[in-house]
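The values are calculated or read from the model by the stated rules, or taken from the named source; none is laboratory data. Fair warning: this is a prediction, and the values are worked out from it, not measured in the lab. FYI the Cβ positions are ideal-geometry reconstructions off the backbone, even for glycines, and counts take in every protein chain you see.
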Amino acid sequence: MAVVPRVFLVLAVLGVLTTPSGGAKTRANPIRRVITMLQMMMKKSEDSASVEEQLFDKFMCQCKKSQETLTKSMDFCKEKIPQLESSVEELNAGKTSLSQGLKQAKQDRSDAEKSLKEAGAMRSGDAKTYAKDSTEAKVNLKAMGGAIRALKKGISQGDFLQTGAASLLQGLLAMGKARNPYDREALGRFLQEGDSTEDSSEIVGILEQMKSDMTADLKGMKEAEIDAIGQFEALGNAKAKQIAAANQAIESLGTLRQHEGGARADEGRLEGHKRTPCERPGDIRQDHAFVPEARCRLRRP
């Protein structure tokens, strides 16, 4: 401090001036009081300077520590930011992939169930149609057998036309069951009362051929039904496997989703990353701005 040497100089001068001469007794005077006061002020100034120096040293130490801590924090954030960005991208990609996989598995299961339901409805309708057609064919075959037996026993044309078999034959002719045009014409004339030019044995032969064709048709109908049942069962097994696979995939993805904490946990983790100081560029910019200010403070007297 510049004031201290000046105080010493003043004290020296005053000391010379106030030294008693000739052994005279020293007595209190105003100048002596001024000197005492200046000495007290000098001591107080020295004490204040010492305290200020200590405080300044402590402040400088604290500033250095703060600057080192801030620099380390900035370096850590510079290294941490790419890691956190990569982690966020990985979480986003995993979440998207998991959601898409779960959505696709549910869609596959829904499609398989819908296809199986539609196939079941179609199979049910075909089964009803087969039951109706096969029952009708069996009834016609039975009636055809009765007509053949009656004609073989020698029933007259008039009596035959009064039976239900005659009505059945007329219906079969209308459906085109007699495949040969000549047979259809001959049987048609036989079924017209009063117009019998064909021998009964010829009519029996025509009816037996019709019965044989109807039996073959019934057999084909049955084979087609058996084949349709087999195809439906195969389809049902395939769809059941698809549904089981979809259920397994849904369960696995659901377990994985729970393992990852679910969608809300993923969002929480992402939000947590965003709240990390290193994830906020504004904080880093503030840190950069604070470093020069801290250095300036270190240079202050």
key: Which listed residue is touching a helix residue (DSSP H, G or I) at 6+ places or on another chain (Cβ under 8 Å) and exposed (fewer than 12 other Cβ atoms within 10 Å of the Cβ), from Gly154, Gly146   = Gly154
remark   = Reported set for region 157-184 where residues are surrounded by 11 or more Cβ atoms within 10 Å (Cβ to Cβ) and in a loop (DSSP other than H, G, I, E, B) is Gln162, Thr163, Lys177, Ala178, Asn180
key: Test: Ile203 is surrounded by 11 or more Cβ atoms within 10 Å (Cβ to Cβ), of a type outside the set (Lys, Arg), touching a residue at least 12 places away in the same chain (Cβ under 8 Å) and touching a Phe, Trp or Tyr at 6+ places or on another chain (Cβ under 6 Å)   = yes
task = Note down all Cβ pairs under 9 Å where the first residue falls in region 88-105 and is within 18 Å of Ser252 (Cβ to Cβ), the second is outside any helix (DSSP H, G or I), and they're at least six residues apart or on different chains.
result = Gly94/Glu260; Lys95/Glu260; Leu98/Glu260
request  = Any residue in region 149-163 that's within 17 Å of Leu187 (Cβ to Cβ): show its pairings with residues that are assigned to a helix (DSSP H, G or I) and charged (D, E, K, R) at Cβ separation under 9 Å, as long as the two are six or more apart or on different chains.
outcome  = Ala150/Asp159
request  = Any chance you could count how many residues in region 83-127 are at pLDDT 85 or above, touching a Lys or Arg at 6+ places or on another chain (Cβ under 9 Å) and among the aliphatic types (A, V, I, L, M)?
outcome  = 3
